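Heads up, the thing below is written out as structure tokens.
The values are calculated or read from the model by the stated rules, or taken from the named source; none is laboratory data. Everything numeric here is computed off the predicted structure, so don't read it as measured data. We place every Cβ from the backbone using ideal geometry, glycine too, and count neighbours over all the protein chains shown. The area values use the complete protein model at the heavy-atom level, side chains included, leaving out ligands, DNA and RNA. Shrake-Rupley method; radii C 1.70, N 1.55, O 1.52, S 1.80 Å.
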Amino acid sequence: MATRTAYESGLDKFNRPGKGVNVIFNLIFILLALICVVPMLVVLSISLSSEESIRQTGYHMFPTALSGEAYGYIAQQGTMILRALGVSLFVTIVGTVLGILLTTSMGYVISRPNYKLKGLLTWIVFIPMIFNGGLVSSYYINANLLGLKDSVWALILPLAVSSFNVIICKTFFKSTIPDGLIESAEMDGAGQLRIFFSIILPISLPVIATIGLFLCFAYWNDWFQSMLYINNQDLYSLQALLNNLMSNVDALAKNAANMGVSYAMLVATMPKESARMAVAIVIVLPVAFAYPFFQRYFISGLTIGAVKG
Amino acid sequence: MSTKAKGRRLRTQWRKQDAELTLLALPTTIWYILFCFLPMFGIIIAFKNFKISGGFLSNVVNSPWSGFKNFEFLFKSNDAWIIIRNTLGYNIIFIILHIVIPVALALMIGMLHNRRAGKVYQTMMFLPYFLSWVVVSAVGWAFLSFDKGIVNQMLVNMGSEPINWYMEPKYWPYFLIFMNVWKGLGYGMVVYLATITGIDRTYYEAAVIDGASIWQQTRFITLPLMKLVIVMMFILAVGRIFYTDFGLFFQVPRDANSLFNVTTTIDVLVYKQLKTATVGMASAAAFVQSVLGCITILTANWIVRRLDPDSAMI
């Protein structure tokens with residue numbers, strides 16, 4: 001492997017500082033990168049500490065007594081966390097698919113230059129970026145009028161479309177799909193629905209990936225909708241469960257009866273502190289492994305979005 | 001004659017396509033009506049003496065008008081001054097830091113000799129952006145918890161008294177500013193870095209041949225070419241000055257009552273009052289936020305359009 005950098009080989013001396021400054025810059029970035037990553041490692045370390053050591057000496061950067069009891073407890077007592085995982089997965093998958101369909105279809109329609117209602121629909125997309133009804137009236141409409149209180153759809157529907165994503169789609173369709181392609185399909189007698197689903201969508205994978213990732217992370221990381229609309233603990237997502245555990249550590253002991261022990265005994269013996277950090281790790285682990293591979297789609301979306309919208 | 005026939009033929013052809021495109025846009029249009037436009041009309045409850053029980057629509061129509069009573073309550077309370085100060089104060093600090101720090105770091109990372117190292121740093125600094133505020137709140141708790149937190153253990157090891165962080169308002173402005181910058185660092189750099197990598201290398205070649213130092217290259221090439229993006233990000237951020245990140249101000253301080261004065265912004269107040277069913281003040285505060293937000297966003301957009309028409313929203 002070549003250890004000479006582009007700078008050393010003389011190819012890339014423009015806009016580059018001297019070696020000393022380069023070392024200082026690298027040190028600064030190493031420090032910043034550690035500040036961004038180490039806190040999650042601390043949470044991992046707490047989740048792997050034994051409850052006994054936490055009780056005696058508190059949290060530590062490195063576990064003083066390594067133990068998998070928190071994860072064992074989670075796996076063993078199952079139902080509550082498995083159900084929350086199920087809710088999170090369902091909401092993320094269904095929400096992402098629904099969101100992609102709603103977003104791309106609208107983006108496509110308002111990107112068609114000859115469409116008669118283009119002006120009207122473009123305003124329908126734009127106005128909410130400027131003005132919104134605010135939390136209070138949104139809450140009452142979703143909870144009372146649409147009957148979303150304590151429904152899994154309260155976690156899915158309100159987040160499905162964002163005008164920002166629709167604009168990204170519209171910009172993509174406008175700039176990358178040649179008009180000739182659609183015109184020739186029209187000449188062959190294909191209807192607009194068919195053109196959209198069998199011609200446009202298959203060649204729009206980059207923008208679908210970008211929108212899909214935005215939606216995926218938004219659904220997986222959402223806790224606000226749960227806080228507003230969900231009281232039934234069976235409908236808690238992982239985020240809602242962690243939110244609940246942060247304010248009430250004993251909530252994990254709720255299904256004591258399922259395990260055949262008394263509530264008091266379970267509260268006394270369960271690994272409370274490490275278990276809630278373990279739930280945080282269950283939430284973060286898939287994200288932490290996924291984002292380095294997908295961040296380029298994120299970045300392309302953010303750059304389009306920042307410039308246009 | 002032929003143009004007339006052609007026109008009719010075109011119009012009928014459009015009609016079929018228009019119908020199909022309308023059908024394609026219908027689900028999303030319904031979504032917009034239900035989740036965006038209905039709440040816009042629901043905003044009139046700020047001017048009503050709204051009762052929660054029963055059906056929503058009949059309540060909105062039947063509940064008596066109260067004029068500006070709700071607003072009087074809001075602005076006569078001590079909370080009004082606190083939330084306005086917090087919302088604007090924090091946002092002004094965030095806007096400045098979210099430009100100065102990411103621009104400086106993007107300039108620096110663009111100068112690193114080893115591109116691959118730069119990519120690794122950028123990826124690592126992107127991690128907090130992908131964490132939810134609930135997780136960040138758990139991370140904060142690991143450090144700041146009174147009896148078990150890492151910070152207090154360090155203090156004790158150094159011979160100082162432990163501090164009950166969640167009871168001490170004076171530290172929280174710094175914590176909140178730090179958390180906000182920490183979480184937004186990777187995201188903030190993306191746009192600026194894209195601009196820097198898009199700069200034509202021949203500018204630098206010419207400058208180096210003329211004997212320009214690295215600082216002169218930054219000062220006279222990179223920064224001037226970034227100016228437009230920086231100004232636009234600034235204006236767009238100013239446009240959202242009446243909106244705050246609810247998760248930061250509610251989850252990270254863990255809704256601690258003793259921190260009320262330094263952590264309550266418009267969004268937090270509206271949420272708390274909504275949960276305690278004091279609809280009057282909450283709807284008045286939400287109304288003020290929506291209207292002022294609308295004005296600032298439109299103004300910001302108007303300025304952007306004058307600077308660079310392609311980047312304007314409308």
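General observations
- Count - residues of segment B:203-213 that are assigned to a helix (DSSP H, G or I) and more than 9 Å from chain A (Cβ to nearest Cβ): 2
- Residue in segment B:88-106 that is facing chain A (nearest Cβ under 7 Å), open to solvent by 20 Å² or more (accessible area, probe 1.4 Å) and within 30 Å of A:Phe14 (Cβ to Cβ) present: no
- Residue in segment A:188-200 that is open to solvent by 40 Å² or more (accessible area, probe 1.4 Å) and on the phi > 0 side of the Ramachandran plot present: yes
- Search result, residues across segment A:36-56 that are free of Cβ contacts under 8 Å to residues at least 40 places away in the same chain and within 7 Å of another protein chain (Cβ to nearest Cβ): A:Cys36, A:Val37, A:Pro39, A:Val42
- Residue within segment A:222-242 that is touching a Phe, Trp or Tyr at 6+ places or on another chain (Cβ under 9 Å), assigned to a helix (DSSP H, G or I) and more than 13 Å from A:Leu155 (Cα to Cα) present: yes
- Whether a residue is aromatic (Phe, Trp, Tyr), touching a helix residue (DSSP H, G or I) at 6+ places or on another chain (Cβ under 9 Å), assigned by TED's automatic domain parsing to the domain that holds B:Leu131 and touching a residue at least 40 places away in the same chain (Cβ under 8 Å) was assessed, and B:Trp165 does not pass this test.
- Every pair of residues 6+ apart whose Cβ atoms lie under 8 Å, when the first sits in segment B:34-46 and is modelled with pLDDT under 95 while the second is among the small types (Gly, Ala, Ser) and surrounded by fewer than 20 Cβ atoms within 10 Å (Cβ to Cβ): B:Ile45/B:Ser63
- Residue among A:Val97, A:Val91 that is touching a Leu at 6+ places or on another chain (Cβ under 6 Å) and in a helix (DSSP H, G or I): A:Val91
- A:Thr64 open to solvent by 50 Å² or more (accessible area, probe 1.4 Å) and within 13 Å of chain B (Cβ to nearest Cβ): yes
- Extreme residue, surrounded by the fewest Cβ atoms within 10 Å (Cβ to Cβ), among residues of segment B:265-314 that are at negative phi and in a loop (DSSP other than H, G, I, E, B): B:Thr276
- Restricting the first member to segment B:268-284 and to residues that are under 14 Å from A:Gly133 (Cα atoms), and the second to residues that are open to solvent by less than 10 Å² (accessible area, probe 1.4 Å) and among the aromatic types (Phe, Trp, Tyr), no beta-carbon pair is closer than 8 Å while six or more apart or on different chains.
- Yes/no for B:Ile82 being open to solvent by less than 30 Å² (accessible area, probe 1.4 Å), more than 11 Å from chain A (Cβ to nearest Cβ) and over 24 Å from A:Ala290 (Cα atoms): yes
- Which listed residue is more than 7 Å from chain B (Cβ to nearest Cβ), among the hydroxyl-bearing types (Ser, Thr, Tyr) and crowded, with 16+ Cβ neighbours inside 10 Å, from A:Ser175, A:Ser162: A:Ser162
- Residues of segment B:113-144 classified as of a type in the set (Gly, Ala, Ser), closer than 27 Å to B:Thr264 by Cβ and within 7 Å of chain A (Cβ to nearest Cβ), total: 4
Quick grid of which residues meet (1) among the β-branched types (Val, Ile, Thr); (2) modelled with pLDDT of 95 or more; (3) in contact with a Pro (Cβ under 7 Å, 6 or more places away or on another chain):
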{"residue": "A:Phe172", "(1), (2), (3)": "no, no, no"}
{"residue": "A:Ile177", "(1), (2), (3)": "yes, no, no"}
{"residue": "A:Ser184", "(1), (2), (3)": "no, no, no"}
{"residue": "A:Arg194", "(1), (2), (3)": "no, no, no"}
{"residue": "A:Leu215", "(1), (2), (3)": "no, yes, no"}
{"residue": "A:Ala218", "(1), (2), (3)": "no, yes, no"}
{"residue": "A:Trp223", "(1), (2), (3)": "no, yes, no"}
{"residue": "A:Asp234", "(1), (2), (3)": "no, no, no"}
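- Of all residues making up segment A:160-210, the number that are in a loop (DSSP other than H, G, I, E, B) and over 18 Å from A:Val97 (Cα atoms): 6
- Considering segment A:132-158, and only residues there that are closer than 13 Å to A:Leu228 by Cα, open to solvent by 50 Å² or more (accessible area, probe 1.4 Å) and assigned to a helix (DSSP H, G or I), the residue that is nearest to the other protein chains (Cβ to nearest Cβ) turns out to be A:Asn144.
- Hits in segment B:22-49 - residues which are in contact with a strand residue (DSSP E or B) (Cβ under 8 Å, 6 or more places away or on another chain) and surrounded by fewer than 20 Cβ atoms within 10 Å (Cβ to Cβ): B:Phe47, B:Asn49
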